[in-house]
Amino acid sequence: MTEEEPLFCVNHPNVETRLRCNRCGAPICPKCAIRTPVGFRCPQCVKAQQAIFYTASPVDYIIAAVVSLVLSLPAYLIVTRLGWFVFFLAPAAGVGIAEAVRWLTGRRRGRWTWLVVAAGIVLTALPFMLLAFLPVLFLPTAGSPGRAGVFLSSWLLQMAYNVLYLVLAVGAAIARLR
Ligand SMILES: [Zn+2]
Ligand SMILES: [Zn+2]
């Protein structure tokens, strides 16, 4: 750089800098500069790029919500009843739901699609998991401590499958959509 006269950040007129946005050429201070795969850019340019990158319409978010709610109901009911298969089937369910959403929204990218789908998967499972707590409340009246113990251990295992399903399915879906 042969430029000797001092530059001042476009966002902070008092801050001297030697950096320029490599897209629009605006002087930016290190605080404003955003490191991108193609070099330092100003916040305005990064925002403009993201607006092009994220193309999903509001309708896409509605589709994503409906699809994830509809598909995660059978996925949850089946996968959480197949024992240790949850380790393989829950990520597969997450990927399947994410791919269905991507396909039905024309593969447009949405900044918040991953969040909508994750919420859909969690909201579907939540009522069932809350209902599952009811029998535990009546446990003291279940009769012999032995029977209660057997019930509790199988209940805990089922809860573990539920939690595993949620973590693995949501994780896999988010990884697909982000
Ligand atoms: Zn710029
Ligand atoms: Zn600045």
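The values are calculated or read from the model by the stated rules, or taken from the named source; none is laboratory data. This is a predicted model, so every value here is computed, not measured. Here the Cβ is made from the backbone with ideal geometry for all residues, glycine too, and neighbour counts use every protein chain on show. The protein model used for the area step is the full one, side chains on, heavy atoms only, and it has no ligands, DNA or RNA in it. Shrake-Rupley method; radii C 1.70, N 1.55, O 1.52, S 1.80 Å.
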Within region 42-58, which residues are part of a helix (DSSP H, G or I) and without any contact (Cβ under 8 Å) to a residue 60 or more places away in the chain? Pro43, Gln44, Cys45, Val46, Lys47, Ala48, Gln49, Ala51, Ile52, Phe53, Pro58
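Residues are listed down the side, and each one gets a yes or a no for (1) aromatic (Phe, Trp, Tyr); (2) free of Cβ contacts under 8 Å to residues at least 60 places away in the same chain; (3) more than 16 Å from ligand 1 (Cβ to nearest atom):
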position: Asn14; (1), (2), (3): no, yes, yes
position: Asp60; (1), (2), (3): no, yes, yes
position: Val70; (1), (2), (3): no, yes, yes
position: Pro74; (1), (2), (3): no, yes, yes
position: Phe87; (1), (2), (3): yes, no, yes
position: Glu99; (1), (2), (3): no, no, yes
position: Leu104; (1), (2), (3): no, yes, yes
Is there a residue being surrounded by 14 or more Cβ atoms within 10 Å (Cβ to Cβ), within 16 Å of ligand 2 (Cβ to nearest atom), farther than 30 Å from Leu157 by Cα and of a type outside the set (A, V, I, L, M, F, W, C) anywhere in region 54-63? no
Note on region 103-134: residues in a helix (DSSP H, G or I) and buried (at least 19 other Cβ atoms within 10 Å of the Cβ) are Thr113, Trp114, Val116, Val117, Ala118, Gly120, Ile121, Thr124, Ala125
Tell me, yes or no, whether region 9-16 has at least one residue that is at pLDDT below 95, assigned to a strand (DSSP E or B) and either in contact with a helix residue (DSSP H, G or I) (Cβ under 9 Å, 6 or more places away or on another chain) or not polar (S, T, N, Q) (or both). yes
Of the criteria (1) assigned to a loop (DSSP other than H, G, I, E, B); (2) within 16 Å of ligand 2 (Cβ to nearest atom); (3) open to solvent by 40 Å² or more (accessible area, probe 1.4 Å), which one Cys32 fails: (3)
